[in-house]
Amino acid sequence: MSDFLTSYWVKRIERCRAALAANNFATVVADTADDAGRIILDDILPAISPRSASWGDSMTLHATGVLERLAAEGNIGIIRTFEPGVPREEIIERRRRALLVDVFFTGSNAVTEAGQLVNLDMVGNRVAGITFGPRHVIIVAGRNKIVAGLDEAMRRIRDYAAPANAIRHTGWNTPCIKTARCSDCRSPDRICNVWTITEKSYPKGRITVILINQDLGL
């Protein structure tokens, strides 16, 4: 990356990090997804000693490699809420149990420069975990998720992240899969059901946000 772009992103990420910290989020900056994974595994998890973990859907989280490492090591009980071949009823029950884990991993659809997390969910298990239940929450977000404010966050999610995410999944039938544009549909497969804006972390430091200096996820 050229020097001026490096400087641009370093400055913008630092402003966002400082705003998040002022809003009581624990904050970390990582250069790459691999670095974020190492920070989680080597620094954050040993400090909180979790016995159970689960996660909400996040392409950025998968890019860190954390889930694969945890599964391989087997030291932490994992509630798997996206396991292929498991009946839907069992998946929903696991997602309910996942709200009581020691650490919950996920991403964020947008992070504002005022230090807010903005998310839109289909079922609500991801935003529920962020809001309440798990003792600790670790959120990973690429620099492409940083936006100026709430209006831009919602436009980004509705006009880009949600349609792209619908297209990513197979077997769903929403208008945006065909048009790549939100039509505020009434489809049974609609993924835009639950908005949350997390203004501050409560209690202080319960939510850790790792900002990654890469474009990651949707």
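Computed values, structure above
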item: Search result, residues across segment 131-177 that are buried (at least 18 other Cβ atoms within 10 Å of the Cβ), more than 22 Å from VAL66 (Cβ to Cβ) and touching a helix residue (DSSP H, G or I) at 6+ places or on another chain (Cβ under 6 Å); result: VAL147, PRO163, ALA166, THR174, CYS176
item: For VAL137: the one exception among (1) in a loop (DSSP other than H, G, I, E, B); (2) aliphatic (A, V, I, L, M); (3) within 22 Å of ALA30 (Cα to Cα); result: (1)
item: Long-range neighbours under 6 Å by Cβ, at least six apart or interchain, first residue under 19 Å from ARG155 (Cα atoms) and touching a residue at least 24 places away in the same chain (Cβ under 8 Å) within segment 169-194, second in a loop (DSSP other than H, G, I, E, B) and among the aliphatic types (A, V, I, L, M); result: ILE191/MET122; ASN193/MET122
item: Test: residue in segment 74-83 that is surrounded by fewer than 16 Cβ atoms within 10 Å (Cβ to Cβ), in a helix (DSSP H, G or I) and either at pLDDT 95 or above or among the aliphatic types (A, V, I, L, M) (or both); result: no
item: Odd one out for SER201 among (1) of a type in the set (Ser, Thr, Tyr); (2) more than 27 Å from ALA21 (Cβ to Cβ); (3) buried (at least 21 other Cβ atoms within 10 Å of the Cβ); result: (2)
item: Filtered residues of segment 16-33 (kept if assigned to a helix (DSSP H, G or I) and either touching a Phe, Trp or Tyr at 6+ places or on another chain (Cβ under 7 Å) or surrounded by 14 or more Cβ atoms within 10 Å (Cβ to Cβ) (or both)); result: CYS16, ARG17, ALA19, LEU20, ALA21, ALA33
item: Of all residues making up segment 34-69, the number that are farther than 23 Å from TYR202 by Cβ, within 14 Å of the chain's Cα centre (by Cα) and either outside any helix (DSSP H, G or I) or free of Cβ contacts under 8 Å to residues at least 24 places away in the same chain (or both); result: 2
item: Among (1) in contact with a Cys (Cβ under 8 Å, 6 or more places away or on another chain); (2) on the phi > 0 side of the Ramachandran plot, the one test that ALA180 misses; result: (1)
item: Residue list for segment 7-37, filter: touching a helix residue (DSSP H, G or I) at 6+ places or on another chain (Cβ under 7 Å) and of a type in the set (Val, Ile, Thr); result: ILE13, THR27, VAL28, VAL29
item: Residue check, ARG96 surrounded by 15 or more Cβ atoms within 10 Å (Cβ to Cβ), in a helix (DSSP H, G or I) and of a type in the set (Lys, Arg); result: no
item: Test: ILE146 is under 24 Å from VAL28 (Cβ atoms) and within 12 Å of the chain's Cα centre (by Cα); result: no
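The values are calculated or read from the model by the stated rules, or taken from the named source; none is laboratory data. Predicted model, so just to flag it, every value in this text is computed and none were measured. Reconstructed Cβ throughout: ideal geometry from the backbone, glycine too, with neighbour counts over all protein chains shown.
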